[in-house]
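Novice: Submitted below is the structure of interest, expressed as structure tokens.
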Amino acid sequence: MNNLDPLRFSRLRLFGKSAAHYQANAGGETAAMRKGTALHAYLLGQKDRIVVYEGGKRDERSKAWQEFKAEHADKDILIPSEASVAQAMRDSIERHPRALELLEGQQEQTIEWDLGGRRCKGTPDVARQFTDRIRLVELKSSRTAQPDLLKWHARKLAYHSQVDWYANGLGLTMSYPRLPVEEVFIIAVESAPPYPVTVLRVCESMREAGRKQWRAWFEQLRVCEATGQYPEYVQCDVDWEDEDRDVELDWEDDEAA
């Protein structure tokens, strides 16, 4: 299995849907994801990778869009409205002293490590080494930064699993002798005015829950890679009965955050 591409969390997370979604690498770019990417570039020192398309909407039928996309194939392309929101989110974070303090450190450095013979890869947003510990910080744009809703949404999107995945890699690669990743934070900025910022400290109980989740997905992946079988949601009949309870369904795009 060493000839496989290194495993990133963005792929592993698709096991939260099904193994078939993982195999298909099912996940497309959304406007919110583009704004989040731009926010990272603006704040973490890679602004030159962003270009703005002034020719209107992204229209695959438009020759101007096709030419611009080809000319900037190595860039992240925004339209003016997306760039404006990304800049506003950046301004909001820069007005937040605690957020700025936490963004100090080694930014967006890709790491690789071995997990049970499987190559893994990740790019933590910020990692800072102290004399006795490592601090990990992730930067997120979110539809909400209201603390209670943010915690619910962050769990739904497996942010606790993502940060523990990175912590696992950092603990194996960042320092020698090895130092523990003892501090983990998520900086969330709301993607609509007034662009409020919330800093979440990811406590050990949430990291442990995230660890259990990504390890379960990882074990499923190893079985799928060994057998060559990537099943869909279920492989048996599903009974549909009247149940005496209300089930809340969220039909919005999970990737919008």
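Novice: If I ask for residues that are under 20 Å from GLN109 (Cα atoms) and surrounded by fewer than 22 Cβ atoms within 10 Å (Cβ to Cβ), which ones from the stretch 182-204 would you list?
Specialist: Within the stretch 182-204, GLU182, GLU183, PHE185 qualify.
Novice: Give LEU172, LEU221, LEU179 a once-over and let me know the one that is at pLDDT 95 or above and either surrounded by 12 or more Cβ atoms within 10 Å (Cβ to Cβ) or closer than 27 Å to GLY105 by Cβ (or both).
Specialist: Details: LEU172 fails: at pLDDT 95 or above; LEU179 fails: at pLDDT 95 or above.
After ruling out the rest, the residue left standing is LEU221.
Novice: With respect to ASP132, determine if the residue is surrounded by fewer than 19 Cβ atoms within 10 Å (Cβ to Cβ), among the acidic types (Asp, Glu), assigned to a strand (DSSP E or B) and at negative phi. Spell out how you get there, then give the answer.
Specialist: Numbers: surrounded by fewer than 19 Cβ atoms within 10 Å (Cβ to Cβ): yes; among the acidic types (Asp, Glu): yes; assigned to a strand (DSSP E or B): no; at negative phi: yes.
The answer is no for ASP132.
Novice: Across the stretch 139-165, what is the total count of residues that are within 17 Å of GLY16 (Cβ to Cβ), surrounded by fewer than 23 Cβ atoms within 10 Å (Cβ to Cβ) and out of contact with any Lys or Arg (no Cβ under 8 Å at 6 or more places or on another chain)?
Specialist: 4
Novice: Only residues that are in a helix (DSSP H, G or I) and either surrounded by fewer than 14 Cβ atoms within 10 Å (Cβ to Cβ) or within 19 Å of the chain's Cα centre (by Cα) (or both): list them for the stretch 88-99, please. Steps first, please.
Specialist: At the first step, the residues of the stretch 88-99 found to be in a helix (DSSP H, G or I) are 88-94, 97-99.
Passing the criteria: MET89, ARG90, ASP91, ILE93, PRO97, ARG98, ALA99.
Novice: Could you please tell me which pairs satisfy a Cβ distance under 8 Å, a separation of 6+ or placement on different chains, a first residue in the stretch 89-115 that is closer than 21 Å to ARG143 by Cα and in contact (Cβ under 8 Å) with a residue 12 or more places away in the chain, and a second residue that is of a type in the set (S, T, N, Q) and not in a strand (DSSP E or B)?
Specialist: As it stands, the answer is MET89/SER191, since those pairs meet every condition given.
Novice: To continue, here is another question. Going through the stretch 112-129 one residue at a time, which ones are surrounded by 17 or more Cβ atoms within 10 Å (Cβ to Cβ), part of a strand (DSSP E or B) and under 18 Å from the mean Cα position of the chain (by Cα)?
Specialist: Within the stretch 112-129, CYS120, GLY122, VAL126, ALA127 meet the criteria.
Novice: Every residue in the stretch 190-208 that is touching a Pro at 6+ places or on another chain (Cβ under 9 Å) and modelled with pLDDT of 95 or more, please. Don't jump to the end; show me each part of the working.
Specialist: If we filter the stretch 190-208 for residues that are touching a Pro at 6+ places or on another chain (Cβ under 9 Å), which is where we start, we get 190, 198, 200.
Listed by number, the residues that qualify are THR198, LEU200.
The values are calculated or read from the model by the stated rules, or taken from the named source; none is laboratory data. Computed from a predicted model, the values in this text were never measured in an experiment. Every residue, glycine among them, receives a Cβ derived from its backbone with ideal geometry; neighbour counts consider all protein chains shown.
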